[in-house]
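*Asks:* Let me begin by handing over the structure; questions about it come next.
The values are calculated or read from the model by the stated rules, or taken from the named source; none is laboratory data. Remember, it's a predicted structure, so these values are computed and weren't measured experimentally. Note that each Cβ is placed from the backbone with ideal geometry, even for glycine, and that neighbours are counted across all protein chains shown. We work out accessible area using only protein heavy atoms, side chains counted, and drop any ligands, DNA or RNA first. Shrake-Rupley method; radii C 1.70, N 1.55, O 1.52, S 1.80 Å.
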Amino acid sequence: MSEKFRIRVAGRGDIPAIDALLTRSYPRLLAADYPPSVLVTAIPLISRAQPALVTSGTYYVSEGAGGRIVGAGGWTRTSPGQTRTDPGLGNVRHFACDPDVTRRGIARGLMQVCQIQAREAGLSGLNCFSTRTAVPFYEAMGFEQIEEMEIPLARGIDFPSVRMLWRT
């Protein structure tokens, strides 16, 4: 019997659980695609929930047994860093899945909610700054690779990423 998951809008009270999810997820899932020298500087910067994002109304969590948060992700009209990439496009933001429950439809369910909501908001698509690890997932969700890029995380710390695009 497969475990059931429930997707809901995230709230301020979810921040500690999202922090814990990101801290569990990123070091394990990204290790195959990034050298330790990149992860040692990036993980502390990317594994923290962003309160404004979590409370935006377009950020979601997936709850498993006992209400444990096993996935999170959302979208915003602004890109990370509060700049626009293209009018009419939203931006996928801070997706993660618990490494102990990957390949069970958790991230797919979250992304489907985001795609439906973006379409209903009148957006023409979603822009995504993907980790190397997540490229196959986003391609399976209808995104296409646009370009490889470096995301500045802090002064002197850039994170290799892939810009991807999904059109409604």
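*Asks:* Report the label-to-label distance for ARG12 and THR168 in nanometres (one decimal), using points 7 Å from each Cα along the Cα→Cβ vector.
*Replies:* In this crude spin-label approximation the distance works out to 3.1 nm.
*Asks:* Here's another thing I want to ask about it. Kindly write out, for segment 88-96 in residue order, the coupling ³J(HN,Hα) from the Karplus curve 6.51 cos²θ - 1.76 cosθ + 1.60 (θ = phi - 60°), rounded to whole Hz, with x marking Gly and Pro.
*Replies:* With the stated coefficients, segment 88-96 comes to x, 9, x, 9, 5, 9, 6, 7, 7 Hz.
*Asks:* Taking the Cα of THR133, stepping 7 Å toward and past its beta carbon, and measuring to each backbone N in segment 1-36: which are under 13 Å?
*Replies:* 21-36
*Asks:* On average, how much accessible surface per residue is there in the chain, in Å², for a 1.4 Å probe, leaving out ligands, DNA and RNA?
*Replies:* About 51 Å² of surface per residue is accessible.
*Asks:* Note down the nm distance, to one decimal, between modelled labels 7 Å out along Cα→Cβ at ALA20 and at THR78.
*Replies:* 3.0 nm
*Asks:* Then there is this: Over segment 66-151, with every protein chain in place, what whole percent of the accessible area is carbon and sulfur at 1.4 Å, could you tell me?
*Replies:* Carbon and sulfur: 47 percent of the exposed surface of segment 66-151.
*Asks:* For a quick check: with amide H placed at 1.01 Å from N, whose amide H comes under 5 Å from ASP158's, ignoring anything fewer than 5 positions away on the same chain?
*Replies:* LEU153
*Asks:* If you plug each phi of segment 107-120 into the Karplus form 6.51 cos²θ - 1.76 cosθ + 1.60 with θ = phi - 60°, what whole-Hz ³J(HN,Hα) values come out, in order, with x for Gly and Pro?
*Replies:* Computed from phi, the couplings for segment 107-120 are 5, 4, x, 4, 5, 4, 4, 4, 5, 5, 5, 5, 4, 5 Hz.
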